[in-house]
Amino acid sequence: MLSAEAFGERLKQLRVDKKLTHAQLANLMFVSQSTISRWESGDRTPDITILSRLAECLDVSLNDLLQDSQESNPVPVVIAVDDEAIILNGSIKVLSETLTGAEVYGFLHAAEALEFARTHLVSVAFLDIEIQADSGLDLAGQLLVLNPQVNVIFVTSHAQYSGDAWDLHASGFLSKPLKAEKILREVSNLRYPVRGLIV
């Protein structure tokens, strides 16, 4: 994640690029001008819900908003969640080999994945639907609250859940085990395209 100062610089750059004054952006955001000033100075940073609204007001993706202005090619973050270690290891291997432009992280527990997503901007989440006592569908909902532009791709051997997956506006639905050609097909049709995912 960006430091508060780097975020402030990025916000100011985007606001100026859009030819918005502090007052205009404050009106769009339903906050005070002093709040915008504090964000731009790095004194404060908005939470993830406000960040999503800010991205919308500036007409940029959340990824673009959180991209360091000094970093021309941010590395997309991809997570995989599955409660079976052997399957998770296999998924991480094929995802890393296929999505060469991304950083790929794996989690056995939904709570760990959610904690990670609170401090990292996740671009794509490959989620098992049944994760021990947890539900991948519930995890997807929580990830979407943190970042409404996360691309959720469900990976399961339980096809009966596909309707629930689409109700969450998932970006894709894959059967186990993950294969490179299936991954490439899904990431080429993401709901929110991710720059630099494939090199």
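A few notes on this one:
- Summed over segment 1-34, the residues that are surrounded by 16 or more Cβ atoms within 10 Å (Cβ to Cβ), among the β-branched types (Val, Ile, Thr) and not in a loop (DSSP other than H, G, I, E, B) give a count of 0.
- The residues in segment 117-146 that are in a loop (DSSP other than H, G, I, E, B) and open to solvent by 10 Å² or more (accessible area, probe 1.4 Å) can be counted, and the count is 4.
- Per the listing Leu54, Leu121, the residue uniquely modelled with pLDDT under 90 and under 20 Å from the mean Cα position of the chain (by Cα) is Leu121.
- Look at segment 125-153: where a residue is within 21 Å of Val187 (Cα to Cα) and a partner is open to solvent by 60 Å² or more (accessible area, probe 1.4 Å) and not charged (D, E, K, R), sitting 6+ places away or on another chain with Cβ atoms under 6 Å, you get Gln149/Tyr192; Asn151/Tyr192.
- Residue check, Gln149 open to solvent by 10 Å² or more (accessible area, probe 1.4 Å), modelled with pLDDT under 95 and either in a loop (DSSP other than H, G, I, E, B) or within 20 Å of Val60 (Cα to Cα) (or both): yes
- Qualifying residue in segment 78-89 (condition: under 12 Å from the mean Cα position of the chain (by Cα), buried (at least 21 other Cβ atoms within 10 Å of the Cβ) and under 25 Å from Pro193 (Cα atoms)): yes
- Residue within segment 96-113 that is closer than 23 Å to Ala6 by Cβ, in contact (Cβ under 8 Å) with a residue 24 or more places away in the chain and buried (at least 17 other Cβ atoms within 10 Å of the Cβ) present: yes
- Of all residues in segment 35-51, those being free of Cβ contacts under 8 Å to residues at least 12 places away in the same chain and exposed (fewer than 15 other Cβ atoms within 10 Å of the Cβ) number 1.
The values are calculated or read from the model by the stated rules, or taken from the named source; none is laboratory data. Since this is a predicted model, take the numbers as computed values, not measurements. Here Cβ is always computed from backbone atoms with ideal geometry, including for glycine, and neighbour counts include all displayed protein chains. Areas reflect the complete protein model, heavy atoms only, side chains present, ligands, DNA and RNA absent. Shrake-Rupley method; radii C 1.70, N 1.55, O 1.52, S 1.80 Å.
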